1. Would you mention how many residues in region A:138-193 are within 11 Å of chain B (Cβ to nearest Cβ), surrounded by fewer than 23 Cβ atoms within 10 Å (Cβ to Cβ) and either assigned to a helix (DSSP H, G or I) or of a type in the set (Lys, Arg) (or both)?
2. Kindly indicate which of A:53, A:119, A:135, A:104 is more than 24 Å from residue A:368 (Cβ to Cβ) and either open to solvent by 10 Å² or more (accessible area, probe 1.4 Å) or among the aliphatic types (A, V, I, L, M) (or both).
3. Any residue at all in region B:182-199 that is β-branched (Val, Ile, Thr) and within 14 Å of chain A (Cβ to nearest Cβ)?
4. I'm told residue B:134 meets every condition in (1) buried (at least 22 other Cβ atoms within 10 Å of the Cβ); (2) more than 18 Å from residue B:86 (Cα to Cα); (3) touching a residue at least 60 places away in the same chain (Cβ under 8 Å) except one. Can you identify the failing condition by its number?
5. Identify, please: which residue in region A:87-101 is open to solvent by 20 Å² or more (accessible area, probe 1.4 Å) and not hydroxyl-bearing (Ser, Thr, Tyr) and is, among those, farthest from the other protein chains (Cβ to nearest Cβ)?
6. Residues of region B:110-138 being out of contact with any Lys or Arg (no Cβ under 9 Å at 6 or more places or on another chain) and of a type in the set (Phe, Trp, Tyr), which ones?
7. Across region A:390-399, what is the number of residues that are more than 7 Å from chain B (Cβ to nearest Cβ) and crowded, with 21+ Cβ neighbours inside 10 Å?
8. Take the conditions at pLDDT 85 or above, away from chain B (no Cβ under 11 Å), within 24 Å of residue A:37 (Cα to Cα) and assigned to a helix (DSSP H, G or I) and apply them to residue A:312. Does it pass?
Amino acid sequence: MLLEYGTVFIILACVFGFFMAWGVGANDVANAMGTSVGSGALTIRQAVIIAAVFEFAGAWLAGGQVTQTIRSGMVDPAIMAGTPELLVFGMLASLLAAGTWLLVASFFGWPVSTTHSIVGAIVGFAAVGIGVEVVEWGKVGRIAMSWVISPLLAGMIAFALFRSVQILILDTRDPFGNARRFVPAYIFLAAFVTALVTLLKGLTHLGLQLSTFETYGVATAVGIVVTAFGVRAIRRIKMDPDAERSFHFSSVEKVFGVLMLVTACAMAFAHGSNDVANAVGPLAAVVSVVQSGGVVDARSAMPIWILILGGVGIVVGLVTYGHKVIATVGTGITQLTPSRGFAATLAAAMTVVMASGTGLPISTTHTLVGGVLGVGMARGIAAINLGVVRTIFLSWIVTLPAGAILAIIFFFGLKGAFGYAG
Amino acid sequence: MSPKNFVYDLFGRSPVRPLQTHMDKVQTCVAELPAFFDAACAQDWVRAEQSQQRIARLENEADELKKALRLQLPKGMMLAMSRRDVLEVLTVQDRIANVAKDIAGLILGRRMRFPANMIEDLKDYLARSIDAVRQAGRIVHELDELVEAGFRGHEVDVVNDMLKELDSIEHDTDTIQRRVRESLFGQEAELPPVDVMFFYRVIDDIGDMADEAQRVGSRLQLMLAR
């Protein structure tokens with residue numbers, strides 16, 4: 001069976017995976033980048049370029065762990081060893097189900113998460129199509145827990161970040177001077193954390209082995225280099241007395257604009273590291289099963305070209321459609337000044353990168369929502385629509401069974417189509 | 001796929017800008033009063049009526065803005081300031097425009113003739129009262145900075161200083177009001193009694209504008225206190 005249809009399976013998986021990655025790039029990236037455009041720190045063109053570069057880098061450099069989880073963390077490979085075809089069908093069905101559900105949801109404008117769809121789909125096909133005992137419920141439980149914890153964590157980090165900005169900069173007698181003094185520290189923090197987590201967890205598949213000391217050293221170096229660029233950009237910002245008259249913080253916000261640029265890069269990187277796995281994980285599973293001739297092995301190395309395919313898919317989605325979504329989001333959020341946008345985005349980026357490091361697939365959007373709420377809690381945002389927050393969190397509950405049911409249907413459909421009897 | 005996005009939807013429309021727009025409208029409405037008063041004192045009722053029409057129209061527009069803002073603050077909004085305070089400030093702001101309209105309507109309707117020796121004082125009084133409204137407007141315009149700073153720190157001191165200034169302006173109007181009333185009291189026996197009644201009414205109304213302006217300020221102070 002596998003030998004007979006091996007190439008077909010791989011091609012199908014590539015097509016479905018690319019479709020899914022396209023969807024992620026078209027829709028999800030806007031959530032990650034929209035805040036930067038909305039706060040006026042980036043133009044749409046800049047946002048698309050940054051997103052393309054850093055999404056790809058994130059997927060390639062730090063996307064391995066989460067891909068591993070999606071691919072083999074939730075379903076016990078030992079039980080499936082005798083019937084590798086089922087895993088192939090299941091993963092194909094999951095990709096198709098998640099992609100379809102995202103398309104339907106986007107059509108109706110429902111706020112669903114790509115992560116939730118794919119996890120729901122995989123758990124669905126495994127539990128119903130094969131057997132409840134195949135699902136690693138402990139691991140799935142941890143993933144579900146992380147969906148609750150990640151927005152909370154992002155909210156707390158955002159709250160702390162924004163409070164520190166208030167205390168150090170905004171609430172002082174000389175906000176502009178203090179902004180120039182302290183913003184480089186935030187730039188360093190953003191670059192350092194992103195680099196550190198990536199180095200700690202992500203780079204083994206590139207054949208890069210660093211000691212703990214070296215890791216911290218390299219992360220610090222990255223932080224310093226990025227900060228140096230930031231300081232240069234900040235030096236160029238002058239007080240603008242005209243703008244100051246209508247809004248006292250306008251020059252301060254320009255300084256934060258530099259920071260927002262760095263944060264946007266970190267966010268795109270984080271998003272690439274986590275969300276690309278949604279599309280690429282099942283694809284990786286199919287490829288490894290087919291190429292190894294039916295051995296369901298969790299430990300086999302993942303070919304780099306798969307991550308690259310995912311990264312390219314995201315970029316294509318972004319360029320063909322995502323820029324429109326970023327434009328709508330970006331022009332809509334006028335409430336988000338760079339100082340607030342940075343706190344929310346950096347909190348989300350740090351949470352996501354950390355989750356990527358531990359291999360947990362979390363929803364970038366929900367994490368970002370948590371970050372925005374955190375800034376709101378610090379009384380930094382004039383109005384937040386709690387009705388939308390409710391809708392977003394309700395969509396969790398709907399997405400899991402929806403993804404599962406679709407996956408089950410496609411699973412049996414594929415089995416029938418290939419005439420598989422076992 | 002429609003380019004609809006829920007992170008964008010997350011941000012409810014801020015009440016700060018509409019509140020400021022409303023206050024601006026109220027200020028333009030009030031700022032029309034001196035011109036009206038000049039015309040009335042000169043007994044130029046044609047010009048006074050045009051001016052009164054403008055005031056009435058501006059008051060109407062302020063009303064519309066008030067309604068729009070009220071509709072835009074549903075329960076499910078997490079606001080940086082208390083919903084009640086926002087609505088209260090709005091109501092008080094709107095009352096300033098109402099009083100301005102009343103003053104103009106009353107003077108025009110009764111073709112009032114103030115005693116010549118009072119006119120100078122009355123103009124001062126009106127101007128100071130309008131100063132109070134303008135100061136309140138200035139404070140309302142600090143709201144976006146307050147949100148930015150999370151209602152804490154240095155910005156709060158700035159606003160508190162402005163509030164003190166508003167209080168002292170309001171105190172001035174009280175002093176002038178006392179003077180105007182005394183001057184009216186001294187000559188009320190020689191004037192038609194019904195006219196005197198309405199003179200007092202106009203004097204009170206002008207003072208009310210400053211009082212309401214001060215109330216806008218104290219509501220904003222409550223926002224700071226939370």
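The values are calculated or read from the model by the stated rules, or taken from the named source; none is laboratory data. What you see is a predicted model; the values in this text were computed from it and never measured. Positions of Cβ are backbone-derived with ideal geometry, glycine not excepted, and every protein chain shown enters the neighbour counts. SASA here: full protein model, heavy atoms, side chains in, ligands and nucleic acids out. Shrake-Rupley method; radii C 1.70, N 1.55, O 1.52, S 1.80 Å.
1. If we filter region A:138-193 for residues that are within 11 Å of chain B (Cβ to nearest Cβ), which is where we start, we get A:159, A:162-163, A:165-175, A:178.
Going one step further and asking which of them are surrounded by fewer than 23 Cβ atoms within 10 Å (Cβ to Cβ), we end up with A:159, A:163, A:167-168, A:171-174, A:178.
From what's left, either assigned to a helix (DSSP H, G or I) or of a type in the set (Lys, Arg) (or both): A:159, A:163, A:167-168, A:173, A:178.
The total comes to 6.
2. Values: A:53 fails: more than 24 Å from residue A:368 (Cβ to Cβ); A:119 fails: more than 24 Å from residue A:368 (Cβ to Cβ); A:104 fails: more than 24 Å from residue A:368 (Cβ to Cβ).
Being more than 24 Å from residue A:368 (Cβ to Cβ) and either open to solvent by 10 Å² or more (accessible area, probe 1.4 Å) or among the aliphatic types (A, V, I, L, M) (or both) holds for just one of A:53, A:119, A:135, A:104, which is A:135.
3. Initial filter on region B:182-199 (β-branched (Val, Ile, Thr)): B:194, B:196.
With the extra rule that they be within 14 Å of chain A (Cβ to nearest Cβ), the set shrinks to none.
Scanning region B:182-199 turns up no residue that is β-branched (Val, Ile, Thr) and within 14 Å of chain A (Cβ to nearest Cβ).
4. (1)
5. Pass one, region A:87-101, residues open to solvent by 20 Å² or more (accessible area, probe 1.4 Å): A:96, A:100-101.
Okay, now just the ones that are also not hydroxyl-bearing (Ser, Thr, Tyr), so A:96, A:101.
Details: A:96: 17, A:101: 13 Å.
Checked region A:87-101; the qualifying residue farthest from the other protein chains (Cβ to nearest Cβ) is A:96.
6. Matches in region B:110-138: B:114 only.
7. 2
8. Working: at pLDDT 85 or above: yes; away from chain B (no Cβ under 11 Å): yes; within 24 Å of residue A:37 (Cα to Cα): yes; assigned to a helix (DSSP H, G or I): yes.
Yes, satisfied.
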